[in-house]
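> Handing you this structure, nothing more for now.
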Amino acid sequence: MLAHEQARHAAQVKKYESGIVLNPVTIHPTAKLHEALSALPDRERTIVDSLRRPELMGGVRHLTDVMREYAHHPEHNYGKLTAVARDFASGAGWKRLGYLAEQLWPEQDALIAEARSRVTAGYVRLDPAVKARGSLVRRWGIQVNVVVDRHVQPA
């Protein structure tokens, strides 16, 4: 395999029957454990990457489950999540973050305000893999084409 073919193959998303979606990380065989672990994304980066590309998490329904669990995690840090989003989120990622944060974490005013200030023109589907049409939420530039259960709040 040529180098560019290897890179393209390594970057492909893998979906398994279990519904788990993995985006493999290539680590050199001689890398030390701490180097290998530093190549893996943290919780916040995983969420931001999944907001940009929901298929990485198996779709928005699974992403919302992860976001709910994040709120319950003892080391959740909305400030860090916002900082990571500043570095890595796309316009679509900010729209999804703002909309979902408003639904799942309505008390996170600073995060929601930051997302609101970064909304770009146009509309994106909440879940790009779902072709169903849904209502348009002008505030976020989102076509809500999947149901997000709002009633589960952080402990």
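> Under the Karplus relation 6.51 cos²θ - 1.76 cosθ + 1.60, θ = phi - 60°, what is the ordered set of whole-Hz ³J(HN,Hα) values for region 131-142, x standing for Gly and Pro?
Result, ordered by residue: 7, 4, 7, x, 6, 9, 10, 4, 3, 10, x, 10 Hz.
> Let me ask something else about it. Could you tell me the center-to-center distance, by alpha carbons, between region 92-122 and region 46-67 in angstrom?
Their Cα centres are 15 Å away from one another.
> How would you classify region 42-155 from its alpha-carbon gyration tensor, with a ≥ b ≥ c the square roots of the eigenvalues: rounded for a/c under 1.5, else prolate if a/b is greater than b/c, otherwise oblate?
Since a/c stays below 1.5, the shape of region 42-155 is classed as rounded.
> What ranking do Glu114, Glu55, Glu75 get, fewest neighbouring Cβ atoms within 10 angstrom at the top?
Lowest to highest Cβ neighbour count: Glu75, Glu55, Glu114.
Throughout, read-outs are computed from the coordinates displayed, never taken from laboratory work. If you're wondering where the values come from, they're calculated on a predicted model, not measured in any experiment. Glycine also receives a Cβ, built like all others from the backbone with ideal geometry; neighbour counts cover every protein chain displayed.
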